[in-house]
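S.K.: Quick one: structure below, then a few questions.
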Amino acid sequence: MMPELPEVETIKRELEKAVLGKKIIDVIINNPRVIREPNRDVFVKEIKNSVIKNILRKGKLLILELSSGKSLAVHLKMTGQLVYPGDASQSRVSFKLSDGKLLDFNDRRLFGELRLVDDWKELKFIQGLGPEPFDIESDKFKVMLAGKKTKVKPLLMDQAFLSGIGNLYAAEALFRSRISPARPANDLTDKEKELLFKEIKDTLKEAIQHKGSSIDQYVQLSGTAGDYVKYHKVYGREGKPCLVCKTIVKRTSLGGRGTYFCPHCQK
Ligand SMILES: [Zn+2]
């Protein structure tokens, strides 16, 4: 499972408490593959001695704005982790900070991305992002769904349509809205659209409160697991009774992704 909005937001908030205002005094590279731009020598040279001035999250992307004017964009992808204080024992790249501690970027499968750029707004990733659920109103969400024949779950996961939601929170929000993941988006009634929008925001908020869901590799900045898995209503609950109606929760494949739902509650 790729970290989604609640997991990345958790790390962002923890980074603000832990590393904001600190200077990066050195960069330790154990595997340069995660550095996507520029090349490793320039990457190190241009990060060294800059202060972390601001920390942002855009969709699933973290951005550290530096005093040099450059920004370090971090995409965790499937198995990326940021850990502080780290020890560089498993890290691909570690940042040595002015407090003497390390900020580790771990990434077992090496899909993660570090980019040092002049202007993060010009990143291709950023330009392809749709709005975040917390940045729009219900009416706008309804307009966005109108005319979309795509099945609703893959549509919610499409970052160009709406940013921050992936497989896990799409499944949870649809269950809470009692909407089948396979319904065409433009088939939803206005009432269903309003309910879905509310449940998306409530699910994300609750997951942030519980510091995200640790399914595979995701951990909080401290290295400890997020707590939200025990509150999942359908995700990962295949074969178990629905918490509402006791029907067995099913898992199918939709848009190439494992999809959990209750065939009785969700229509
Ligand atoms: Zn049910």
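The values are calculated or read from the model by the stated rules, or taken from the named source; none is laboratory data. For clarity, every value in this text was computed on a predicted model and none was experimentally measured. Using ideal geometry, Cβ is built from the backbone for each residue, glycine included, and neighbour counts are taken over all protein chains shown. Just so you know, the surface numbers come from the protein's heavy atoms only, side chains and all, with ligands and any DNA or RNA stripped out. Shrake-Rupley method; radii C 1.70, N 1.55, O 1.52, S 1.80 Å.
S.K.: Let me know the charge dipole size of segment 34-93 about its Cα centre in debye, to the nearest 20, where only the beta-carbon of Lys, Arg (+1) and Asp, Glu (-1) is charged.
M.R.: Charge dipole, segment 34-93, about its Cα centre: 200 debye, nearest 20.
S.K.: Could you tell me which helices of the chain pass both thresholds, a Cα extent of 27 Å or more along their own axis and a mean Kyte-Doolittle hydropathy of at least 1.6, with helices taken as whole DSSP H runs?
M.R.: none
S.K.: Going out from 0 in 5 Å bins, what whole percent of all Cα-Cα distances in segment 35-163 drops into each bin?
M.R.: Calculated P(r), rounded to whole percents: 2, 9, 17, 20, 18, 11, 9, 7, 5, 2, 0.
S.K.: Viscosity 0.890 mPa s, temperature 25 °C: give me the Stokes-Einstein translational D for segment 37-96 in µm²/s, with Rh taken as the Kirkwood radius over C-alpha pairs.
M.R.: In µm²/s, the coefficient rounds to 193.
S.K.: Provide Rg and Dmax in Å for the chain, with only Cα atoms included in the calculation.
M.R.: According to the Cα coordinates of the chain, Rg and Dmax are 19.6, 59 Å.
S.K.: Please list, by residue number, every one of the trypsin sites (Lys or Arg not before Pro) in segment 103-168 that is coil in DSSP and has at most 16 other beta-carbon atoms within 10 Å.
M.R.: Listed in order of number, the matching sites are Arg108, Arg109, Lys148, Lys149.
S.K.: Okay, next question. For the chain, report the accessible area per residue in Å² (1.4 Å probe, heavy atoms, rounded to an integer).
M.R.: 45 Å²
S.K.: Oh, and also: In deg cm²/dmol and to the nearest 500, what is the mean residue ellipticity at 222 nm of the chain if only DSSP H runs of at least 4 residues count, each as -39500 (n - 2.57), divided by the residue total?
M.R.: Calculated from helices alone, the mean residue ellipticity at 222 nm is -8000 deg cm²/dmol.
S.K.: Still on this model: Between Arg251 and Ala160, how high is the FRET efficiency from 1/(1 + (r/R0)^6) when r is the Cβ-Cβ distance and R₀ = 30 Å? Nearest 0.05.
M.R.: 0.70
S.K.: Next question. If the only charges are +1 at each Lys and Arg Cβ and -1 at each Asp and Glu Cβ, what is the size of the charge dipole of segment 136-261 around the Cα centre, to the nearest 20 debye? Can you show the working numbers first?
M.R.: On the way: 23 positive and 14 negative charges, 82 e Å.
Result for segment 136-261 is approximately 400 debye, rounded to the nearest 20.
S.K.: Please name whichever of Met78, Ala182, Ile29 sits farthest to the positive end of the charge dipole of the chain, dipole taken about the Cα centre and charges placed at Cβ: Lys and Arg +1, Asp and Glu -1.
M.R.: Ala182
S.K.: Could you give log10 I(q)/I(0) at q = 0.12 Å⁻¹ for segment 116-188, computed by the Debye formula over C-alpha point scatterers of equal weight, without solvent?
M.R.: Ignoring solvent entirely, the Cα scatterers give -0.36.
S.K.: Run the accessible area of segment 47-137 with a 1.4 Å probe and give the carbon-and-sulfur part as a rounded percent.
M.R.: Solvent-exposed carbon and sulfur of segment 47-137 make up 44 percent of the total.
S.K.: Which three extents, in whole angstrom, do the alpha-carbon atoms of segment 112-267 cover along their principal axes, largest first?
M.R.: 53, 41, 28
S.K.: Which of the listed residues, Cys262, Ser98, Gly164, is farthest toward the dipole's positive end in the chain, when Lys, Arg count +1 and Asp, Glu count -1 at the beta-carbon?
M.R.: Result: Cys262.
S.K.: Rounded to the nearest 20 Debye, what is the dipole magnitude of the chain about its Cα centre when Lys and Arg each give +1 and Asp and Glu each give -1 at the C-beta?
M.R.: 720 debye
S.K.: Set the Förster distance to 30 Å, then compute FRET efficiency between Glu37 and Val229 from the Cβ-Cβ distance, nearest 0.05.
M.R.: 0.30
S.K.: Give me the distance between the Cα centres of segment 1-43 and segment 48-80, rounded to whole Å.
M.R.: Using only Cα atoms to place each centre, the spacing works out to 6 Å.
S.K.: Ok, one more. Could you state the number of Å between the C-alpha centres of segment 131-159 and segment 189-267?
M.R.: Taking the Cα centre of segment 131-159 as reference, the centre of segment 189-267 is 18 Å away.
S.K.: How far apart, in nm, are the 7 Å Cα→Cβ label points at Ala182 and Asn30?
M.R.: Inter-label distance under the simple model: 4.5 nm.
S.K.: Summarise the accessible area of segment 206-267 (1.4 Å probe, protein heavy atoms) by the percent that is carbon and sulfur.
M.R.: 50 percent
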